[in-house]
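The values are calculated or read from the model by the stated rules, or taken from the named source; none is laboratory data. These numbers were taken from a predicted model, which means no experiment stands behind them. With ideal geometry, Cβ positions are generated from the backbone for all residues, glycine too; neighbour counts draw on all protein chains shown. To get the accessible areas, we keep the full protein, side chains included, count just its heavy atoms, and leave off ligands, DNA and RNA. Shrake-Rupley method; radii C 1.70, N 1.55, O 1.52, S 1.80 Å.
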Amino acid sequence: MLSQISENEYNPYYAMYISKAEYPDIVLGLQNSREEFVDFVQSIPEDKMTYAYADGKWTVAEVLQHLIDTERIFSYRALRFARNDQTPIMGFEQDDYVPNSNANHYGKEDMLSDFVAVRNSSITLFKSFTDEMLTRIGEASKSPMSARAAGYILSGHQKHHCEIIKERYL
């Protein structure tokens, strides 16, 4: 299905994230990336959680909280689109979320527990969608997006940020 996704199903901004989704089956991709993420975060030394590689950059904990927040938002978008809700969805400003997240004071185990709960909810949601529901398109941030594009973005967005953490933080 990943090769069948059309460019009219998402804003070009998301192409990089979609290209990083490794599994055509969205549910399998979300399940496997959940396990990879948990293992990866558990390997991060506790003293690195509040580390930022430069002034003005997010800490590791803030990046992880950004992934959790984004998962919630994109799962909600997928639900709206799958249910054929044509009401346009406004965008969200990630740079407003991070400083208000309290991520640097949220323990790693609590953050992992939160991530697993959110991801499990996303998995359950995407399991409930039919093929027709997955291809339904709505509008988010003044651009089209299908429910399946939102699912692929979740896996690819996670992979993107884990790569950045490995390259710049650890």
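Below is a table of values for the structure above.
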| item | result |
| --- | --- |
| Pairs where the first residue, in region 89-114, is in contact (Cβ under 8 Å) with a residue 24 or more places away in the chain and the second is in a loop (DSSP other than H, G, I, E, B) and among the basic types (Lys, Arg), C-beta under 9 Å, 6+ apart | Met90/Lys142; Gly91/Lys142 |
| Which listed residue is of a type outside the set (Phe, Trp, Tyr) and under 24 Å from Tyr23 (Cα atoms), from Ala103, Ala61, Ala149 | Ala149 |
| Residue tally, condition without any contact (Cβ under 8 Å) to a residue 60 or more places away in the chain, surrounded by 14 or more Cβ atoms within 10 Å (Cβ to Cβ) and touching a Lys or Arg at 6+ places or on another chain (Cβ under 8 Å), over region 52-88 | 1 |
| Test result for Asp47, over 26 Å from Glu139 (Cα atoms) and not in a loop (DSSP other than H, G, I, E, B) | yes |
| Within region 87-170, helices (runs of 4 or more DSSP H) holding 1 or more residues that are closer than 13 Å to Asp69 by Cβ and among the acidic types (Asp, Glu) | 94-97, 108-128 |
| Region 32-51, residues that are open to solvent by less than 50 Å² (accessible area, probe 1.4 Å) and either among the β-branched types (Val, Ile, Thr) or touching a residue at least 60 places away in the same chain (Cβ under 8 Å) (or both) | Ser33, Arg34, Phe37, Val38, Phe40, Val41, Ile44 |
| Qualifying residue in region 153-164 (condition: among the β-branched types (Val, Ile, Thr) and over 22 Å from Glu35 (Cα atoms)) | no |
| Region 132-162, residues that are free of Cβ contacts under 8 Å to residues at least 60 places away in the same chain and either loosely packed, with under 14 Cβ neighbours inside 10 Å or hydrophobic (A, V, I, L, M, F, W, C) (or both) | Glu132, Met133, Lys142 |
| Index of the failed condition, Tyr97 passing every other in (1) open to solvent by less than 30 Å² (accessible area, probe 1.4 Å); (2) modelled with pLDDT under 95; (3) hydroxyl-bearing (Ser, Thr, Tyr) | (1) |
